[in-house]
1. Considering only residues that are open to solvent by 90 Å² or more (accessible area, probe 1.4 Å) and either part of a strand (DSSP E or B) or modelled with pLDDT of 60 or more (or both), which ones fall in segment 16-50?
2. Taking only pairs six or more apart or across chains, which ones have beta-carbon atoms under 6 Å, a first residue in segment 73-97 that is within 9 Å of TRP35 (Cα to Cα) and open to solvent by 50 Å² or more (accessible area, probe 1.4 Å), and a second residue that is hydrophobic (A, V, I, L, M, F, W, C) and at pLDDT below 90?
3. Please determine, by comparing only the residues of segment 68-87 that are part of a loop (DSSP other than H, G, I, E, B) and closer than 16 Å to ASN106 by Cβ, which one is nearest to the chain's Cα centre (by Cα).
4. If I ask for residues that are more than 15 Å from the chain's Cα centre (by Cα) and assigned to a strand (DSSP E or B), which ones from segment 88-107 would you list?
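The values are calculated or read from the model by the stated rules, or taken from the named source; none is laboratory data. These numbers were taken from a predicted model, which means no experiment stands behind them. We place every Cβ from the backbone using ideal geometry, glycine too, and count neighbours over all the protein chains shown. What goes into the accessible areas is simple: the full protein's heavy atoms, side chains included, and nothing from ligands, DNA or RNA. Shrake-Rupley method; radii C 1.70, N 1.55, O 1.52, S 1.80 Å.
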Amino acid sequence: MMKRLLAAAVLAAGAALLVPQAANADPSPDDPYGWNAYRDRSDAFVSPLDPGAYFDPAKVFKYLLVSPYGNGHSIECRGDGHYVQIHDCRQYDDNGNPHALTEITNPLRRLFVYS
């Protein structure tokens, strides 16, 4: 009986060592799961002048973006879009400097403007 118990404990310890640990880059105490961290959201935006921005089923649910760079430059926003709504967005210019994207209140669709 003792041998079986010892063997089960050794197997459980070995299995725990083989399970890979999740990568976690210093989570904030306020946001332990990273739901409110900055993430690349370039694919969530569309220019208002883009053909199909209002009628193409692949683009109608994307946020509108008024920017001199359009969607050509990286856009980062806080929030994961599921647990935390996407907010506090920024877009990088040609030199890699971040510029805030200001959200304009719009009852129909979220609109962000380059600051």
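1. Across segment 16-50, the qualifying residues are PRO29, ASP30, TYR33, ASP40, ASP43, LEU49.
2. Filtered contacts from segment 73-97: TYR83/TRP35.
3. Within segment 68-87, the match that is nearest to the chain's Cα centre (by Cα) is ILE86.
4. Selection gives TYR92, PRO98, HIS99, ALA100, LEU101, THR102, GLU103, ILE104.
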